[in-house]
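Q: Submitted below is the structure of interest, expressed as structure tokens.
The values are calculated or read from the model by the stated rules, or taken from the named source; none is laboratory data. From a predicted model like this one, the values you see are computed outputs, not experimental measurements. No Cβ is skipped: glycine too gets one built from the backbone with ideal geometry, and neighbour counts run over all protein chains shown.
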Amino acid sequence: MTTMKEEGNYANRPSNTAFTQQRLPAWQPMLSAGVVIPGFLLIGLAFIGIGVGLLITSRSIQVLELDYTGTETSSPCYQCTMSNQSNCVCKLSFSIGTLFKGPVFFYYGLTNYFQNQRKYGVSKDFNQLIGDVSYFKSPSSDCQPYQRVNGKPIVPCGAIANSMFNDTFKLYQIINGKEELVPFDGKGIAWWTDYNIKYRNPDYTPLKNAFNDTEKPVFWTKPAYELDTSDASNNGFINQDFLVWMRRAALPNFRKLYRRITEGNYKDGLPAGNYSLEISYNYPVISFEGTKKVTFSNVSWMGGQNEFLGIAYLVIGSMCVVMSVVMLIVYAKFRFPEED
Amino acid sequence: MERMGAGARGGGGLSWSPLALLRDAVLSQKAREKELRSLVSNLPFEGLGKSKQPNRFFKPNAIKTNKYTPLFFIPMNLYEQFHRLANVYFVGLAILNFIPVVNAFQPEVALIPICVIMFLTALKDGWEDFRRYQSDKKLNNMPCLIYTKHYIERRWKDVRVGDFVKVVCNETVPADLLLLHTSDPNNVCHIETSNLDGETNLKQRNNDVFEPESFNCTVVCEKPNNNLNHFKCFVEKPDKEKTGAGIESLLLRGCTVRNTEHAIGFVVYAGHETKSMLNNNGPRYKRSKLERRLNVDVFFCVLLLFIMCLIGSLGHYLWLKNLSDVPSFLVSDSKGHLDSPSLSSFYMFFTMIILLQILIPISLYVSVELVKIGQIFFILTDVDLYDEETDSQVQCRSLNITEDLGQIEYIFSDKTGTLTENKMVFRRCSIMGKDYPHKENGKDLSHFIHTFKNAVTQFQKVILYYRNSNRVICCCLRKLSPLVVIAFLHHQETQVIPDEKLLQQISRSERSSSGISDPYMDFFLALAICNSVVVSMATTQRQRVIHLHTPIRLTTLWRAFLPKQNGSSTSAHKRSDDANGVQPRALDTVTLSARPAAASGDVCYEAESPDEAALVYAAKTYGFTLLARTPNSVTVRVPSGEELVFEVLDTLAFDSNRKRMSVLVRHPITGEYVLYTKGADYAIMELLGTPYAGDGQQKKIAADTQYHLDCYAKDGLRTLSEQHISFIWAYGREELMMASAVQLETELTLLGATGIEDRLQESVPDTITALREAGIKVWVLTGDKPETALNIGYACRLMEEGDLVTCVSILDCTLEEVRRYHEDPRNVDTTQKISLMIDGDTLAIALSPDLQDRFLDLAKRCRSVLCCRVTPLQKSRVVKLVRDKLKVMTLAVGDGANDVNMIQVADVGIGISGQEGMQAVMASDFAITRFKHLKKLLLVHGHWCHTRLANMIIYFFYKNAAYVNLLFWYQFYCGFSGTAMIDYWLMIFFNLFFTSTPPIMFGIMDKDVSAEMLMGVPELYRTGQGSGEYNFRTFWISMLDAFYQSLVCFFVPYLAYQGSDVDIFTFGTPLNTSSLFIILLHLGIEIKSWTVVHWIIMLGSVALYFIVTLAYSAICVTCNPPSNPYWILQNQMADPMFYLICIISTVVALLPRYTFYVLKNSIAPSPLIQAKHLDRMEPSVRDMWMKEWRSLRGGTEVKESRLSTPPSPTLETSVDFYPGFGDAASFVGEDMSLNVIGD
């Protein structure tokens, strides 16, 4: 009773808890030289370790890059850059000194190509690409100006699909003056999720029926359902090359996976020797000062070759070590009394 | 019967046509606009339709302060919110996004952030409005008694103009009532207006024959206005007889009836037309310094955004120009037509604005508001700012200037009630030229002093009763009728330890002259009679609302001027009920016990001023107990136990010109007419009778008394004295009535003088010292006399021993001297040791436009400034002048109505809720109960609020800039086409969820230095002064850091992924992730103390990021076409490169800041860092270090004045002045003569 009354008398007294009185137990890190020396040293050493690892890994990766734009007259593809050359084929010869360890990844690369342009990126109809036939008849207006041609809807519509890279490659190893085709593996080069979830073909057999009353994209030579004549399941929207192209590159200089060399005699890589790359040269890049190239590379856990990261780790790691020494000096000179 | 009444109230207008409604609206508008209103009773119209009701045009009593209705909440709130420019800007951008040529994102999605922000704001507004609605509802449903045939209990909302309302004791008045009848025999009604101004009032009504049924008069009153002190109306009877009434007859809505059984009033204003509602202007809105700065920086951000967009636009133009042909990735419009580079770069400008809009921190404003709410919560819950005595905590009346508390440079303080308790205690007296020092009280004092070492926490002052013109002025301002003041009496005030010698003297006198004409007896009778103290009995005393405090109520003095209704026969009438329960007590018991008259539970005094009550209590100690006071009589019990009833013939109220008050009474035993007068010394001395002019005994008494008064005055301890004179009259009453006040008060006989103490509030000197060490200049502005002010200046350590005190009269000379003193090489390192004292008249001249600058120049060079005899208006002018001319942050603190101007003018106004009512509190931004609370409020909460908010705002700008720049750098690699490499939903989430709570928590809870250190080392406060921690430099440094970090955060992944087959969102994911880590860890570097809340929120934010992004990436196959983050993060998280990239970019981005902090903290630690170091030590070691450190820093510990030879004669007179016993008088004299020039 009495306590009740007393509480009543102090009805407005704020509650005296650690939280309301701002006295919660707290960790107050002290940013001073003495405290951070071990941290700097530890981070520095760890980074140097990572950097060395990265650099070694990166160095172990073999890369072979061949430009075939054909801007120079000496280039075998020079004649293909001439105007109105259709179905131009050029051959690029090169030799490999030592075994190119497999699995070898074969990329095509473009430079100065802005797949990341905003309007370009918007220009597709997602509903078509998941196989919704109703959108075949009326593609999204995002696809403009690649929405319709001659009054007929374009499938797949839009600029991305329209601008699909259409050079094709064949690699031959020259063994005793004879060209032996190096088998390419075109399966599974696109993302699993793209192939299985994001892109679907309409449920039509044959697939061609779904594309009735539609047009192929203007730049395309073949309709979507005939992209791969050799493999019926590699057609339509789930064609691997199409999927790879549709995943827009982040930067204007990029490469995209074209094939892998994993089969037959070339399972362990490309043996030393002379090779010839047959290029069916279709894709125009000269107009925007772009270049085209092909890249052979093997991959490691860190992807392709990239020395930057290793060097960065090394540099920062060494800086941290140096800093820890500096900190040690600073600590000796300016330490606070209670740090004794 | 009741139902019928209810019908008449509620029903009515159902059958009205729209036309009639319109006509009625016009009519009521007209009726309300009229200058005069004629109101009649509703009773004759009871039961009639609404159209017949005479007062139907006036507002009903139901109030509605909520802005919104459920139905129109959305449009109205949107309208409110669009008053904010920022909201308009963001909505404009969102709309811009709907224009196809410029859009950067999917249009609908762009609306999300602004919608969320506005939704949050609407929620907050809605909640606040709902609370208003609830409180309105509660008020509207309060019960009250309305007359219909008899008094029936109804709700407040049922009250209409023209009703008769009965309010019983301790009930609140529901509407503005014209008082018609009270249960009090004297026809007064005691009300407490604490809801309005904290005061207690008497309301009076003379016509006490009252019957609602027969009330057939018309009440004519003025149009409602918000003047609480003014009301005019007259009551016109059917026979055209008019009776006037004023504010003294108006019971205001919200007041509480006290000590009166019931009161009946006629409703003149109801609901929103009542004076209290008209005065209710809602919450105050001030813009803090930090926010002004913030707006400037938002403008900088706009500029930056503009530049960035321009770069983007220009880049797009050049990029397009360089394309010789149309490549396949360039998309034309539907007709296959490409815009010209210039046109599309023009469009691109707007696209860029949309893309980079977050550079203007959209959620900053709402975050700042949330942070301030949190900060206020912590201020409110601080137990150190809670006052047990009054059971009140600090009040934050302004919600948006918490951080200003940390930047104060000048404090302007009132004195009485702010620095002092305003609780007067009787200390000494001088009777018939003989001093009674009351040593026991003095012991108490010295004990006190001993306890607090050198900190003089008590002092006395030289005031002669109403000696203090300040008090008078404040009375005048507080109420238009200057006569009604209340005081709260503390227990201590009743505790006077009687002086042994005086007790003996009294008992001797009593034995010798039976207490009739002895001067000692007269002296105490005068103490008991000559005042306006009202007695209330303990039994009738109202319940104490405030713990320990007894509100004391005082009669209105003007009653004395009213014609007496009754003849002299009533004067002998003894109020037996008042004396009820009081047993006569013999003088012996008092004499023997010689203890404080603690047995005061039986009678309770309500005094207009605390001084009066102190004197009455003093008289009581000596056995002269004031038992009852009616307008016509005073009952006093004398030491012999006899109860004497003095007939009061006239009371000459105190006024500021005469500086005295007199009461004319007839002695019940001798039948003589006696005039008791009390007043200021000079006001009384000149009225003394002729014998005092000559030589002889009388002259000696006068001289001795004057000497005692001077002693009290000179005493380092402030001595209050009261002078009290009476003269015996023998004239008849009628003649007296004709005599003017002046004629009455002549030829007086000197009885004696009293000294009253006004104690300094607890820890005032300590607080002022701390504030000064904190770099705050403290000015005291008081209405007191210079010598009183000076004494207080010393007592509260505003000035220190060894200070120079300069009394300004000739500004130029003084300025010249002070300047010379400053420029003297000998004084370069010394702290300022000059104090300036200036009086009101001089100040008036100094404030004139051509002298202002020189005055400020002088004041700047002085450590403290004391302005005495200033008027409230001058107070506010001084504050305004300093604030505007010196461009500093000012704080004004005061407790009375005379401080209201000053409080309103200052950047931060602090009201002290104490003795003088609530007006200062009502006008203030923060209300505290004691002056000492200012120390923690400023040094701790002010510092914290400022650093927290400042750092939070800087961080907010940084955060947005760092994030947005990622997008900006990407534009260089996507042809400036406005592509975002991060999914837009994730960008929205990033700002709304992942990184929004940590800065808010940072703004509310970060603690750079502990409260103990801040209190112990007030110098730390200086970090916040001036531009504070958030200024041009810190802002741009953080912006530069943001640019650097974004560069790192962008280019590390860029270089790592260069030339690879990475796609847009896969590239964006490590960017987004590492920028999350960078942004959070950057905050981690800034956070000074990590509590469990910090950990939860920081780790929670990271967890939220991964959970939400993973979930979104897993679920969303087609939900955000055309961009789509499906399975991106999952893919990335399976790649070790992702982690390596995130780690290195985070480390590289934060390394410079971290290293810089570490090196700076080690090599050149700021005071705050040093304090933090000290904070980690053991308390005992810490104190030692603190002392050493402070003396090193040149704190005020250095006592010695290095001024060896004063540079000028002017200063020489005041050098090392200290009001000791010897030279003080001469100094004061000189000071005064100097000041004559000011007049």
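Q: Has the stretch A:248-263 got at least one residue that is farther than 30 Å from A:V35 by Cβ, within 8 Å of chain B (Cβ to nearest Cβ) and out of contact with any Gly (no Cβ under 9 Å at 6 or more places or on another chain)?
A: yes
Q: Moving on. Mind listing just one residue for me: the one in the stretch A:299-319 that is assigned to a helix (DSSP H, G or I) and within 8 Å of another protein chain (Cβ to nearest Cβ) and, of those, nearest to B:I1163 (Cα to Cα)?
A: Within the stretch A:299-319, the match that is nearest to B:I1163 (Cα to Cα) is A:M319.
Q: A further question on this structure: Out of (1) in a helix (DSSP H, G or I); (2) touching a residue at least 40 places away in the same chain (Cβ under 8 Å), what's the single condition that is false for B:I376?
A: (2)
Q: Since B:S324 meets every condition but one in (1) within 60 Å of the chain's Cα centre (by Cα); (2) at pLDDT below 85, which condition does it not meet?
A: If we test B:S324 against (1) within 60 Å of the chain's Cα centre (by Cα); (2) at pLDDT below 85, just (1) comes out false.
Q: Output the number of residues of the stretch B:1067-1111 satisfying the condition of being facing chain A (nearest Cβ under 9 Å), surrounded by fewer than 23 Cβ atoms within 10 Å (Cβ to Cβ), of a type outside the set (A, V, I, L, M, F, W, C) and in a helix (DSSP H, G or I).
A: So the answer is 2.
Q: Testing B:F266 on (1) within 14 Å of chain A (Cβ to nearest Cβ); (2) surrounded by 23 or more Cβ atoms within 10 Å (Cβ to Cβ); (3) of a type in the set (F, W, Y), one condition comes back false. Which one is that?
A: (1)
Q: Taking the conditions exactly as written (among the basic types (K, R), at pLDDT 70 or above and in a helix (DSSP H, G or I)), does B:K699 satisfy them or not?
A: yes
Q: In the stretch B:1148-1164, what residues are modelled with pLDDT under 90 and more than 8 Å from every other protein chain (Cβ to nearest Cβ)?
A: B:A1164
Q: What tally of residues in the stretch A:155-177 results from selecting those that are buried (at least 21 other Cβ atoms within 10 Å of the Cβ), more than 13 Å from chain B (Cβ to nearest Cβ) and closer than 18 Å to A:M246 by Cα?
A: Matching residues across the stretch A:155-177 total 1.
Q: Considering only residues that are touching a helix residue (DSSP H, G or I) at 6+ places or on another chain (Cβ under 9 Å) and of a type in the set (G, A, S), look in the stretch A:99-125 and name the one that is farthest from A:V182 (Cα to Cα).
A: A:S123
Q: Sticking with this one: Are there strands (runs of 3 or more DSSP E) fully within the stretch B:101-170 with at least 3 residues that are in contact (Cβ under 8 Å) with a residue 12 or more places away in the chain and crowded, with 18+ Cβ neighbours inside 10 Å? List them.
A: Once the strands (runs of 3 or more DSSP E) in the stretch B:101-170 are filtered for at least 3 residues that are in contact (Cβ under 8 Å) with a residue 12 or more places away in the chain and crowded, with 18+ Cβ neighbours inside 10 Å, what remains is B:143-148, B:164-168.
Q: Tally the residues that are farther than 24 Å from A:N116 by Cβ and in a loop (DSSP other than H, G, I, E, B), restricting the search to the stretch A:228-255.
A: The qualifying residues number 5.
Q: Okay, moving on. All but one of (1) in contact with a Phe, Trp or Tyr (Cβ under 7 Å, 6 or more places away or on another chain); (2) under 25 Å from A:G121 (Cβ atoms) hold for A:E180; state the number of the condition that does not hold.
A: Tallying (1) in contact with a Phe, Trp or Tyr (Cβ under 7 Å, 6 or more places away or on another chain); (2) under 25 Å from A:G121 (Cβ atoms), A:E180 fails exactly one: (2).
Q: I'd like the full set of residues that are among the β-branched types (V, I, T) and under 22 Å from B:S367 (Cα atoms), limited to the stretch B:81-108.
A: B:V88, B:V91 - these are the residues of the stretch B:81-108 that are among the β-branched types (V, I, T) and under 22 Å from B:S367 (Cα atoms).
Q: Are any residues in the stretch B:1152-1168 among the polar types (S, T, N, Q) and surrounded by fewer than 18 Cβ atoms within 10 Å (Cβ to Cβ), and if so, which ones?
A: Residue satisfying the conditions is B:S1166 alone.
Q: Under the condition of being touching a residue at least 60 places away in the same chain (Cβ under 8 Å) and among the hydroxyl-bearing types (S, T, Y), which residue from the stretch B:1112-1140 is nearest to the other protein chains (Cβ to nearest Cβ)?
A: Checking each candidate, the answer is B:S1123.
Q: Only one residue in A:T73, A:T69 is without any contact (Cβ under 8 Å) to a residue 12 or more places away in the chain, away from chain B (no Cβ under 13 Å), assigned to a loop (DSSP other than H, G, I, E, B) and of a type in the set (V, I, T). Which one?
A: A:T73
Q: I want to confirm something. Restricting to the stretch B:630-650 and keeping residues that are assigned to a loop (DSSP other than H, G, I, E, B) and not small (G, A, S), which single residue is surrounded by the fewest Cβ atoms within 10 Å (Cβ to Cβ)?
A: So the residue we want is B:E642.
Q: Still on this model: Which members of the stretch B:1165-1189 meet the condition of being acidic (D, E) and within 11 Å of chain A (Cβ to nearest Cβ)?
A: Once the filter is applied, which keeps residues that are acidic (D, E) and within 11 Å of chain A (Cβ to nearest Cβ), the stretch B:1165-1189 yields B:D1175, B:E1178, B:E1188.
Q: Turning to a different aspect of this structure: Select, from A:I96, A:I50, the only residue that is surrounded by 17 or more Cβ atoms within 10 Å (Cβ to Cβ), modelled with pLDDT of 90 or more and more than 30 Å from A:W245 (Cβ to Cβ).
A: Going through A:I96, A:I50 in turn, just one is surrounded by 17 or more Cβ atoms within 10 Å (Cβ to Cβ), modelled with pLDDT of 90 or more and more than 30 Å from A:W245 (Cβ to Cβ): A:I50.
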